[in-house]
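Throughout, read-outs are computed from the coordinates displayed, never taken from laboratory work. Remember, predicted model here, so these are calculated numbers, not experimental data. Backbone-built Cβ (ideal geometry, glycine too); neighbour counts: all protein chains shown.
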């Protein structure tokens, strides 16, 4: 049995963009269920070949196959020194773009398309819990545009399915559809008024609609319900940012104090506060 080695690091550490004449312009989440290559490292002559898929539990994953050389406009496999291990790399927001292999390249490299093992990751794919979880991982990977149709369909079927309304609200916010997020999240709060996550997302929607009085009310309710100081600091910095741009010093100071009470001294939230104060008198 092969050993499976999981690398919980960004593929950025095994690929370094180089000028090669090849085109690496596809986001990893747009290459789901595809054979791909990552650009070679600096001072290296080979490219990493593998298959990208969505693990229902772990998220987007690169199943490493081998290294490739590129000679005379053609890829050639480089034999692996270790054939006993199955190397998997978890992909994240820092992952470099990839190049998807075409059918001719896949055939010339004698690759199964798709690999036989992929079927095991498609079990129960139509179940609503699997679909919502998949969309959640897409949101986390920055692929909210891909998550939206999955979430919208699930919402039509069972709008109050656990976690669904938050993920749909998040996806709408991430894609700039703030009015749609407000509608979904208000209905979610009517159904479950003690869910902190709804208030966090709704406050974000209202802030970006420049409805600061309502955003304040919602965030304050979210802070009442929140137990995680970093989440409180995140909500507070959002309001502090808005009042920095509005040049409302009294309101800025009010939300600044909440940030300071809840954020670690070296956190990004405290750094934002320092930036706002240092640049208060400069034009936005």
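What the table below lists for this structure:
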item: Degrees between helix 164-174 axis and first principal axis of the chain (Cα, 0 to 90, nearest 10); result: 90
item: Three-way shape label, segment 152-284, alpha-carbon gyration tensor, a/c 1.5; result: prolate
item: MRE, 222 nm, helices only [DSSP H, n ≥ 4, -39500 (n - 2.57), over the chain, to nearest 500]; result: -14000 deg cm²/dmol
item: Förster radius 25 Å - calculated FRET efficiency between residue 103 and residue 44 (Cβ-Cβ, nearest 0.05); result: 0.40
item: Segments 192-198, 66-72, 278-284, 30-36 sorted - mean Cβ within 10 Å per residue, highest first; result: 30-36, 192-198, 66-72, 278-284
item: Highest to lowest packing among 229-238, 165-174, scored as the average C-beta count within 10 Å; result: 165-174, 229-238
item: Angle in degrees between helix 178-191 and the longest Cα principal axis of the chain, rounded to the nearest 10; result: 70
item: GNM top mover of 96, 127, 252 - the chain, alpha-carbon springs below 10 Å; result: 127
item: Between segment 220-284 and segment 47-114, the Cα center-to-center distance that results, in Å; result: 43
item: Rounded, prolate or oblate (a/c below 1.5 giving rounded, otherwise prolate when a/b exceeds b/c) for the chain by Cα gyration tensor; result: prolate
item: Angle between the chain longest axis and helix 249-262 axis [Cα atoms, degrees, rounded to 10]; result: 60
item: At 0.692 mPa s and 37 °C, Stokes diffusion of segment 100-198 via Kirkwood alpha-carbon radius, µm² per second; result: 216
